[in-house]
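Notes for the one structure printed next.
The values are calculated or read from the model by the stated rules, or taken from the named source; none is laboratory data. Every value quoted in this text rests on a predicted model; they were computed, and no experiment measured them. Here the Cβ positions follow ideal geometry from the backbone for every residue, glycine too, while neighbour counts run over all protein chains shown.
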Amino acid sequence: MGKLLARAGLLKAGFAQRLEAAIKLATERYLAEDSSFNIVEVHSFLQSRTLSRALGGFLLEGKPIDVPSLAERMSSYVGVPLTDAPEAWPNQIDPFRFVGGFIEQLMSIFASDADDGIIWLANALADQRSALSKIHLSVEEIRTGLPRIISSSMAGPAEAQVVEFEKRYLEHLNSRFQKVTTPGARELHGLGQSLSIAYISLNLKSGAAGEPVRAEQFLSQNPHVVIRGPAGSGKTTLLSWIVTRCAEIDSREEASDWSGLVPFFVPLRKVARIDSGAPTLERLIDYSVDEKVWTRKAPKNWIENVLRKQKRAVLMIDGVDELPASRRPEFWNWLQSVQTEYPGNRIIVTSRALPGSPVEGALTEQWNPPSGFVEAQLQDMSNADVTKFVHHWHDAVDTSKLDRQEQSSLEEARNSLPLKLEDAANRRIRELCNTPLLCAMVCVLHWREEGYLPRYRVDLYDKCCDMLIEARDLKRGVEPPPGPLAALSKNDKEMVLQRLAIEMMHNRQDGDVAGDDAYRIEISREKAIAWIVPRIPSFQSATAREARAVDVLDFLIERTGLLREPATDLIDFPHRTFQEYLAACAAGADSQEEMLARKADDDQWHETIMLAAGTTTGGVGFGRKLIEALIGRGERHKSLRKKQQQIRKTSFALALGCLENIKQQDPQLRQRVLSNLGELVPPRNETDARILSVAGDAAVPQLAYSMWKDENTATVAACTRALRLIGTTEALKALERGYVQDSREAVVSEVCRTGLIDYAVIPLVLKYVKANGRLPNFAPPSNVTLYVNVEGLRDLSIDFLETKELHRLEELEGLKKLSIERAKSDAPELRLIPPSTEDLTLIRFEGKEFDWLSRISSLTDLTIMGQGNPSSLDFVDTAPHLTRLTLFGQKIPNLQPLSSLGDLRHLSLIGIRGPTTLAPLAPLENLASIHIEDLKGVRSFSAVGEIANLSKLTIVGSDFAPQQPPRFTSRSALKDFGAYGVSDMTDLEFISQAESMEELALASCTDLKSITSLEALSGLRKLSLSNLRPNLPLKLKPFRNLELFQLSLMPSVVDETLEDISKNVRVVELSRCPKLRDLSPLSACTKIQSLAISALPKVENLDFIRGLTDLTSFVLENCDSLESLDFLEGLSIEELRLHSTDSISNFKVLSTLTELKTITFLACETLTDLSFLSDLPKLEKVWLMPSSDKVSIPENLLPKIVQKNTFPPWMRNHQLLLDQWYSDGVTLFNPTAFRRVHYHYRAGLDDITF
């Protein structure tokens, strides 16, 4: 209700909460009146969107409650037809009486127990209901009349004033921030662009190992965020979008997470102008509004109430980097105090990366966000984002002011630009489009300049400025203003803009000067005029020299769009990028190379320095002098002190960057630059590679594969990365001349990431596909064209939103297994899925159209994951020959359609909500296995025992319904039963007669009171027990055929338990059995092939292992009393895993394991050197986790090393090494549970429970 009122423009402080409280009270009272109503199905119906919409229409539009319709909807939750009510309904509930009674109870609450405002709502709408239903007024149409009534009936004059002020404030912000402020927007000649159309969602990423997440989702999940991003990356636009989402009121749309919140936009450039210190809360409105038009005063204590009492504020603070460095510490302290003093509000801070931020190092006083803030990096736009941005940008242009020819050219530009950006010849321009600012500039130029696409940034900025300063007006025949301004030449205008830009750059110097002089970006009109005055005598024309400085300033603001007046008496550049470029031009014109070189250690000047080398004002000569000055400064700093080394490397790096922009290359100068970059050529890491790539083709000869192929893996990978980042034709040729043939994953990964080299010519990719049938992780599947020619590709996973060339899917004729993320059911590419596909997985799938499934003639396995899927199973009719079906996270009230799948052999129901019975499964004679997980509300499992050929049953985290369990007899086919975290299962009588049982796993079934029934299952071959009651005795004597034995978190197990273990056992895994001390009884089990010993603190001796001659796999974890590995000497072990072996310091005995193929070291803190593995002849892979710089690795081992902070594939199926991650043994971390975490992550679900 609160959201509906917010959309209608009626929400005021506390009203939504009071309305929700009334509905909650009505629900509680109604359910309390009759205990038969307290069942899951009824609760689900009361929480349904259907009932919410019905109440919304009733309260806001006067629509009568359609009781039959709601009763019919209720039947879908119960799973019993309406015609069978009440006799066949649970507790004989009459749905018609239930719905009618609930509405009566709700209106009774409105009339008696609610506050005056709720009483008014009930009475006022009752009076108007008849008229409203007759004329069918919408919420949009009645909204203007209701605020007055609400204000008068719910509050006095003071609150009415608050309502009116807040409404006007939000309307003002919505109007102000809905306008797209593309820098230089006047190049569109007054054509408006709407943010709601132009905006596209970008990604935020938190931490180096984090996954990119759409900004809206990230911000809704994290109330306190610091967003970093380079210039033009969309930080301010993102905040503007949030402002509009808070401020917009549209009854036609679902209310967003921002509805009802109050936005405050705080540009720190403005704070620096009007405040001497940090922002002040009293001025939040002043910071947010347009001072030229906003004249209202906030009601007394309004800001304080929003922050402290209502906790509805969204505080958006833009541009920490635009504060002087001397004022940043004070800002962070202020932010900490706001966070502490006003909890419950949302705070979003943006900034470019600063020295001391996580991008560059540890926290400092310059970069010190409060501990409660999540830091995130705004990611570059992907290829799909760029295409979407281009389309949205063109669509946002107001075409009502364009003539027919201009509209046609706009449409042509919209359609052709994405294709041009895909052209390899325009690759450099495509790289510029990674940020919204430059992508918008490319859109402008491409539309207005007949497809001209400059190759370099300097050329792009130059063309932008040329168009904005003069070319645009000339082309359209715009008459210049009368008087001296008409005589201004293009050079005159450029000179003034350049001088203003560089003076403002100098004005940004940090220091102890107080007042306006300490501010670095915005300046007063008075100061701007004062700077222009001495430039007027330099104008070319005598007439132009008669112009007044104030008129020149106003003209440049009005006509160029490169300057603006954001508030009265203030001047700034709309974006720092233009200021930096124009400042570079000014430095070139005045030959200020030495001044720029002195600024090398000031991050605020880096972009200006690199641009200055290529400007036309300084020319080639200035570019060369600048590079020489930078080299000279770097060479003068020879000290090994950190600060001196930073200046040295930064100077050399900037010299290298200048090579990219200089108009003419001087071979001798280029060689001098490269010769001074010994620490970067060859590059040793990713940072060096990125810096070196700035040199472009000049660096390509220095990166030839033949020169560096014998270097260590990290260096060769960095060389490959540099070539990838350069991305020119010459760079690609260099990659093809050796790097594609390399056998090291880190190297080939960079080759694959170019997105331009066919995987069919990369041997390492072909080898992997041949062995595994799928692409390796280092070969992104983001472009189908890259792998259509790869033979043997049988398994593919793609993201529909990120993958290009999907129309070529049908060419993958040998494909057998396909996983698709984020597709919509009406996507035409789904009809191109190869008919050979046998196994299809749909993740975060949207829509209900499944007719295209019928085209996949070979389909037998189908998995659907995510909450956005169909609410019925009617789609199975399109795939009648399924043999395996997995449903994850859907709300499906009825399983009846499954009864038609006569070929179904394997069924998994995970996190399904709705069904109350499993009876539709009983007729499925071919059904061999069922996996049931997190299935709540099922009242009977008896139908499962009736499935004739069911051989495997797994139940995880579900209610067991002990009154009606499945009953298995001696005639049952059941061979494998597993129960994990199952509640209400008190005994195992229901399986005690299943003579065919061979495998049994029980974990975290804490209600289990007895396991004596297991003794009847003498045919068991595999037994796994974990986290059962400590007083459950275990006898192994009956299980003479046991081949696999796993115990974990079993306090009742003692040394004597092992004396009766089967001599035929081949796999033994013992974990967290605290009473176990002596494992020597296992010496009689000479057939053991795999042994895992984990967290047995009392075990001191494992010498019995010397006699296990068949042992090929061994795991040792966290056995603190064990001090030596000598018992492993000379064994034929092929796979070894050591985890948390802190009590062991000598690993040299491992050098005797000549059959060893794979070894894993996980958190082995005493491990410092891997040289003992150097001579093992069969060793293939070494997992080292977490990755560590403290471990010495011989060069010949590097290709076999996998250093990761994640976990290897085997851990997904290894129970004993993972179960420890659950504190206090709450449950077993088993393969099923791990898969569930993985599924939830892939499906985008939040409700992971165990």
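Annotation note: of 577, 617, 608, the sole residue that is in contact with a Cys (Cβ under 9 Å, 6 or more places away or on another chain), over 20 Å from residue 678 (Cβ atoms) and touching a residue at least 40 places away in the same chain (Cβ under 8 Å) is 617. For region 716-765, a residue qualifies if it is among the hydroxyl-bearing types (Ser, Thr, Tyr), over 15 Å from residue 780 (Cα atoms) and buried (at least 19 other Cβ atoms within 10 Å of the Cβ), and the qualifying residues are 720, 739. In region 842-871, the qualifying residues are those that are of a type in the set (Gly, Ala, Ser) and closer than 15 Å to residue 825 by Cα, and the one that is modelled with the lowest pLDDT is 868. Would you mind stating whether residue 667 is farther than 27 Å from residue 494 by Cα, over 41 Å from the mean Cα position of the chain (by Cα) and surrounded by fewer than 21 Cβ atoms within 10 Å (Cβ to Cβ)? Judged against the criteria, residue 667 is a match. For the subset of region 782-809 comprising residues that are part of a helix (DSSP H, G or I) and among the aliphatic types (A, V, I, L, M), which member is farthest from residue 825 (Cα to Cα)? Looking at the filtered set, the residue picked out is 786.
Conditions tested, residue by residue: (1) touching a Lys or Arg at 6+ places or on another chain (Cβ under 7 Å); (2) in the same structural domain as residue 1003 (by TED's automatic domain parsing); (3) part of a helix (DSSP H, G or I); (4) of a type outside the set (Gly, Ala, Ser).
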{"position": "907", "(1), (2), (3), (4)": "no, yes, no, yes"}
{"position": "927", "(1), (2), (3), (4)": "yes, yes, no, yes"}
{"position": "932", "(1), (2), (3), (4)": "no, yes, no, yes"}
{"position": "945", "(1), (2), (3), (4)": "yes, yes, yes, no"}
{"position": "950", "(1), (2), (3), (4)": "no, yes, no, yes"}
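In region 1094-1109, the residues that are under 19 Å from residue 1152 (Cβ atoms) form Cβ pairs under 8 Å with partners that are surrounded by 19 or more Cβ atoms within 10 Å (Cβ to Cβ) and of a type in the set (Phe, Trp, Tyr), at six or more places apart or across chains, as follows: 1105/1114. Looking only at region 1110-1137, residues that are of a type in the set (Ser, Thr, Tyr), more than 20 Å from residue 1177 (Cα to Cα) and modelled with pLDDT of 90 or more come to 1 in all.
For residue 1192, the requirement of being among the small types (Gly, Ala, Ser), farther than 26 Å from residue 1042 by Cβ, in contact with a strand residue (DSSP E or B) (Cβ under 6 Å, 6 or more places away or on another chain) and free of Cβ contacts under 8 Å to residues at least 60 places away in the same chain is met. Checked against the criterion of being at pLDDT 70 or above, of a type in the set (S, T, N, Q) and in contact with a Phe, Trp or Tyr (Cβ under 9 Å, 6 or more places away or on another chain), region 56-71 has no qualifying residue. Residues 913, 884, 905: which one is in contact with a Ser or Thr (Cβ under 8 Å, 6 or more places away or on another chain), within 23 Å of residue 964 (Cα to Cα) and of a type in the set (Lys, Arg)? Sole residue among the options that is in contact with a Ser or Thr (Cβ under 8 Å, 6 or more places away or on another chain), within 23 Å of residue 964 (Cα to Cα) and of a type in the set (Lys, Arg): 913. Among residues of region 1014-1036 that are at pLDDT below 80, none has a beta-carbon under 6 Å from a residue that is basic (Lys, Arg) at least six positions away or on a different chain. Name, by its number, the condition in (1) outside the structural domain of residue 939 (by TED's automatic domain parsing); (2) at pLDDT below 85 that does not hold for residue 839. That leaves (2) as the condition not met.
Every residue, every condition in (1) assigned to a helix (DSSP H, G or I); (2) among the aliphatic types (A, V, I, L, M); (3) modelled with pLDDT under 90; (4) over 15 Å from residue 1128 (Cβ atoms), yes or no:
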site	(1), (2), (3), (4)
1151	yes, no, no, no
1155	no, no, no, no
1160	no, no, no, no
1172	yes, no, no, no
1176	no, yes, no, no
1182	no, yes, no, yes
1198	yes, yes, yes, yes
1207	no, no, yes, yes
1210	yes, no, yes, yes
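Close contacts from region 309-335, counting a first residue that is over 20 Å from residue 261 (Cα atoms) and a second that is assigned to a helix (DSSP H, G or I) and among the hydroxyl-bearing types (Ser, Thr, Tyr), with Cβ to Cβ under 9 Å and a gap of 6+ residues or different chains, come to 319/236. From the list 1091, 1122, the lone residue that is among the hydrophobic types (A, V, I, L, M, F, W, C) and surrounded by fewer than 20 Cβ atoms within 10 Å (Cβ to Cβ) is 1122. A single member of 572, 601, 554 is among the acidic types (Asp, Glu) and in contact (Cβ under 8 Å) with a residue 60 or more places away in the chain, and it is 572. So if I check each of 371, 400, which one is modelled with pLDDT of 85 or more and surrounded by fewer than 16 Cβ atoms within 10 Å (Cβ to Cβ)? Exactly one of 371, 400 is modelled with pLDDT of 85 or more and surrounded by fewer than 16 Cβ atoms within 10 Å (Cβ to Cβ), namely 371.
Could you please find all residues in region 606-619 being closer than 15 Å to residue 650 by Cβ and surrounded by fewer than 24 Cβ atoms within 10 Å (Cβ to Cβ)? Step through it out loud before you land on a result.
At the first step, the residues of region 606-619 found to be closer than 15 Å to residue 650 by Cβ are 606-610.
606, 607, listed by residue number.
Taking the residues in region 941-959 that are under 15 Å from residue 913 (Cα atoms) and without any contact (Cβ under 8 Å) to a residue 40 or more places away in the chain as candidates, determine which candidate is surrounded by the fewest Cβ atoms within 10 Å (Cβ to Cβ). Outline the logic, then answer.
Looking only at region 941-959, we keep the residues that are under 15 Å from residue 913 (Cα atoms), and these are 956-959.
So of that shortlist, the ones also without any contact (Cβ under 8 Å) to a residue 40 or more places away in the chain come out as 958-959.
Values: 958: 23, 959: 18.
Here the residue is 959.
Residues that are modelled with pLDDT of 85 or more, closer than 23 Å to residue 626 by Cβ and surrounded by fewer than 24 Cβ atoms within 10 Å (Cβ to Cβ) within region 544-592 comprise 589, 590, 591, 592, listed in sequence order.
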